[in-house]
Amino acid sequence: MLLDAQHVTKTFGGLVAVNDVSLTVEPGSIVSVIGPNGAGKTTFFNVLTGIYKPTSGRILFDGAEITGLRPDQITQRGIARTFQNIRLFNNMTVLENVLVGMHGRLHAGLWGSLFLTPAVRAEEQSARKRAFELLAFVGLERKHSELAKNLPYGDQRRLEIARAMATQPKLILLDEPTAGMNPQETGEAIHLIRRLRDELGITVILIEHDMRVVMTISERVTVLDYGAKIAEGKPEEIRNNPQVIEAYLGRGAVVA
Amino acid sequence: MRALSASPSPLSALNRGPLAYVLLTAYLLLTSVLLLTNTRTSLGTDILFILFLLGFLLIYRARVAGLYKLALGAIMLLAIVPYFGAQNAYYIELAIQAGIFVALALGLNVVVGFAGLLDLGYVAFFAVGAYLWGIFSTDQAGQFLPGFTPLPAESFYLFLALGLFVGAFFGALLGLPVLRLRGDYLAIVTLGLGEVIRVLAVNLDRPVNITNGSQGIKSVARPPLPEVMRTLLPGLNDPQLYQLLIYLMALLVVGLSVFVVYRLKNSRIGRAWEAIREDETAAIAMGIPLVRMKLLAFAVGASFAGAMGVLFAAKQQFINPPTFDLLRSIGILSMVILGGMGSIPGAILGGMLVTLLDLQILPRIATELGALKRQGVVIPDWFDPAQYQRALFGLLLIIMMIFRPEGILPDQRRSEEMHAGAPARPSGQPDQSN
């Protein structure tokens, strides 16, 4: 078990945003978290990555407890993420965005950076080399010196994935990776996500609204509604689950 | 910088190939010779001095070999300015002041420009450095440390280095309570903390007399004159040599500051600061420890101020709390903004420019207007030019911010931010929020 979230609850005042959700993820799998708007999917991601501390419940990652750790510590343990509303460092170059992602894997400190020791020079060079490899992986190596904000939308999504990969994660959380994409871009994104797992062995959890994406690439699907888990299973099971249909389309849809 | 070179001006034809070398050298030679032959304080000399300083900007912008730039800069800073300054104490004083504020601007630029943490209490660290040397180089320390005798003037050099670390320590200490704050809130709290330091300096004369309150500390020790300076420059008297020494020390601290900020800006640490400035949430999600990196920015920024404080106390030989008021912090911030936030050449230029405006250009304008008035030119009685110096400075700031918000020598990125025409997300892409 790579990730084991146990009975995670997150409340904001009286609002229960995530209600007793448990989720386990096998290493090397691709799983989706779906649900209507406001179901608590992103909040659940924010709890997993340490941006919020869970009100109750535990999160185990790779056999160790990560509940209550800071986001940077969780990233250090091997969970990376992308954001629903793209959060690149807009005024940094494509290459620098990826280099920032490597922060936790580099060791240059204050004195090393000041005196530019041979070790720091070597580290910086190999970091650049690896950053270019990651950019090549997502197909952005030729745009390495462009500012992130000047990239087309689809490229920004890819860059976010490359930046997340730079943290050398075991698990990557993708928050609506195909939102706002046209069918062709969506197809490319699906391909990229598959390659993350198949070529690099990264486990993937994604939040997704596009059901074609969910049904195409997920091995398991978890459905949230009003903060609670209402269903879990293989895509085809979820597709025909009356509770899920009801959550998405309303009660009438099931009767009809 | 791109903002300027993007539009090919007729001047750019001059800044090419051997012609660039010839013109640059000729300009520097001409201004230097004129300056060295006109050493009496006057309007003409003031203008010459500014034209001479403009030479630094030309060196920076000229398309000539880096080594040549370095040599020219070194000759100007180490030969011409001191030689000219020895003839006229007013101008070396200007150069020292400019040096002090350049270092302060460079330090604040780390906090505000690099890491994006708006700090309105920066002068506090300058005060800490100044009081550090002020207290321990006089019998002030004896007031609260029984049996303490003033440290010998030789320990100035030790304290100059110590100032770096004490400044850094206070920087981190005052950074601690504001770590969770962003933007406006951060600015207000740092403003408050800066005032706290000043008020402590005013009031820490009781129950134990640490700072000697509002009377300040007198007879702060100067660094001892190295014998070698006397032998090398037999023509100069002691006050001139002291000023020269302080000037060289200021240059040393500025040089060190430039080196440090330049190295850090282009390092893993500089990238992390920049990421924090761009988007804290994304930065921490990428594994950047916010607390540590912010404290580091506060500490590095404050360290230059600490060292310059030590030098300032030694130069003035007298320190008192009003020197370190909020207006001073705002002045340093305006240097950073005027020069271009996040830009190292910008901070240097901003520091020099504001200091010159403050101490030379604006007073000179006031003097000249006053002289005209005495000659019978009609200037209404209610208009006292000396009183309107600050207004003129404010007006300049306003004009700058309207027409060149990114500063004079902007960091390229900052410039992009200011002129962000294109939204990060193309229009038509709904911002889907969950």
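The values are calculated or read from the model by the stated rules, or taken from the named source; none is laboratory data. Since the model is a prediction, treat every value here as computed from it, not as a measurement. Virtual Cβ from ideal backbone geometry, glycine too; neighbours counted across all protein chains shown.
Among the residues making up the range B:32-67, those that are of a type in the set (Ser, Thr, Tyr) and not in a helix (DSSP H, G or I) are B:39, B:41, B:42.
Every listed requirement among (1) within 14 Å of chain B (Cβ to nearest Cβ); (2) free of Cβ contacts under 8 Å to residues at least 40 places away in the same chain; (3) under 22 Å from residue A:44 (Cα atoms); (4) not polar (S, T, N, Q) is met by residue A:231 save one, (1).
The rows are residues; the columns are (1) at pLDDT 95 or above; (2) more than 14 Å from every other protein chain (Cβ to nearest Cβ); (3) touching a Pro at 6+ places or on another chain (Cβ under 9 Å).
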| position | (1), (2), (3) |
| --- | --- |
| B:276 | yes, no, no |
| B:285 | yes, no, yes |
| B:299 | yes, no, no |
| B:303 | yes, no, no |
| B:358 | no, yes, no |
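Restricting A:196, A:200, A:151 to those that are hydrophobic (A, V, I, L, M, F, W, C) and within 14 Å of chain B (Cβ to nearest Cβ) reduces the list to A:151. Residues of the range B:255-299 that are over 17 Å from residue A:102 (Cα atoms) and β-branched (Val, Ile, Thr): B:258, B:260, B:261, B:291. Looking across the range A:78-112, the residues that are farther than 21 Å from residue A:123 by Cβ and not β-branched (Val, Ile, Thr) come down to A:81, A:83, A:84, A:85, A:87, A:88, A:90, A:91. Against the numbered list (1) assigned to a loop (DSSP other than H, G, I, E, B); (2) over 30 Å from residue A:136 (Cα atoms), residue A:169 comes up short only at (2). Restricting the search to strands (runs of 3 or more DSSP E) fully inside the range A:190-253 and requiring at least 3 residues that are of a type outside the set (A, V, I, L, M) and at pLDDT 90 or above gives A:220-225, A:228-233. Filtering the range A:17-38 to residues that are within 13 Å of chain B (Cβ to nearest Cβ) and either surrounded by fewer than 24 Cβ atoms within 10 Å (Cβ to Cβ) or over 26 Å from residue A:246 (Cα atoms) (or both) leaves A:17, A:36, A:37, A:38. Is it the case that some residue within the range B:321-333 is farther than 30 Å from residue B:394 by Cβ and either in contact (Cβ under 8 Å) with a residue 60 or more places away in the chain or in a helix (DSSP H, G or I) (or both)? So far as the range B:321-333 goes, no, none of its residues is farther than 30 Å from residue B:394 by Cβ and either in contact (Cβ under 8 Å) with a residue 60 or more places away in the chain or in a helix (DSSP H, G or I) (or both). Which pairs turn up if I take residues in the range A:178-193 that are within 14 Å of another protein chain (Cβ to nearest Cβ) and look for partners that are surrounded by 15 or more Cβ atoms within 10 Å (Cβ to Cβ) and in a helix (DSSP H, G or I) with beta carbon separation below 6 Å, at least 6 apart in sequence or on another chain? Hits for this filter: A:178/A:186; A:178/A:189; A:178/A:213; A:185/A:154.
Summed over the range B:245-271, residues that are within 24 Å of the chain's Cα centre (by Cα) and either within 20 Å of residue A:90 (Cβ to Cβ) or facing chain A (nearest Cβ under 9 Å) (or both) total 10. Within the option set B:175, B:216, B:171, being buried (at least 17 other Cβ atoms within 10 Å of the Cβ), touching a strand residue (DSSP E or B) at 6+ places or on another chain (Cβ under 6 Å) and of a type outside the set (Lys, Arg) holds for one residue only, B:216. Evaluation of residue B:343 against the conditions (1) away from chain A (no Cβ under 14 Å); (2) crowded, with 24+ Cβ neighbours inside 10 Å shows that the sole unmet condition is (1). Filtering B:177, B:146, B:150 for residues that are more than 19 Å from residue B:221 (Cβ to Cβ) and outside any helix (DSSP H, G or I) leaves a single hit, B:146. Inside the range A:45-95, can you point out the residues that are hydroxyl-bearing (Ser, Thr, Tyr) and within 21 Å of residue A:222 (Cβ to Cβ)? Matches in the range A:45-95: A:49, A:52, A:55, A:56, A:67, A:82.
Every test in (1) assigned to a loop (DSSP other than H, G, I, E, B); (2) of a type outside the set (S, T, N, Q); (3) touching a residue at least 60 places away in the same chain (Cβ under 8 Å) is passed by residue B:103 save one, and that test is (1). Within the span defined as the range A:186-199, one or more residues are under 21 Å from residue A:99 (Cβ atoms), under 13 Å from the mean Cα position of the chain (by Cα) and either buried (at least 16 other Cβ atoms within 10 Å of the Cβ) or β-branched (Val, Ile, Thr) (or both).
Of all residues in the range B:140-168, those being surrounded by fewer than 13 Cβ atoms within 10 Å (Cβ to Cβ) and farther than 30 Å from residue B:295 by Cα number 5. Taking the range B:376-394 as the range and being closer than 24 Å to residue B:90 by Cβ and either at pLDDT 85 or above or not in a helix (DSSP H, G or I) (or both) as the test, the residues that pass are B:384, B:393.
In the range A:20-32, how many are out of contact with any His (no Cβ under 8 Å at 6 or more places or on another chain), assigned to a strand (DSSP E or B) and farther than 12 Å from residue A:47 by Cβ? Total meeting the criteria: 5.
Okay, residues lined up against (1) more than 23 Å from the chain's Cα centre (by Cα); (2) more than 12 Å from every other protein chain (Cβ to nearest Cβ); (3) at pLDDT below 95:
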{"residue": "A:116", "(1), (2), (3)": "yes, no, yes"}
{"residue": "A:131", "(1), (2), (3)": "no, no, no"}
{"residue": "A:161", "(1), (2), (3)": "no, yes, no"}
{"residue": "A:171", "(1), (2), (3)": "no, yes, no"}
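The single condition among (1) touching a residue at least 12 places away in the same chain (Cβ under 8 Å); (2) crowded, with 22+ Cβ neighbours inside 10 Å; (3) in contact with an Asp or Glu (Cβ under 8 Å, 6 or more places away or on another chain) that residue B:290 does not satisfy is (2). Across the range A:88-110, the qualifying residues are those that are among the β-branched types (Val, Ile, Thr) and more than 7 Å from every other protein chain (Cβ to nearest Cβ), and the one among them that is surrounded by the most Cβ atoms within 10 Å (Cβ to Cβ) is A:98. Criterion first (surrounded by 17 or more Cβ atoms within 10 Å (Cβ to Cβ) and more than 27 Å from the chain's Cα centre (by Cα)) does residue B:232 satisfy it? Criteria not met by residue B:232.
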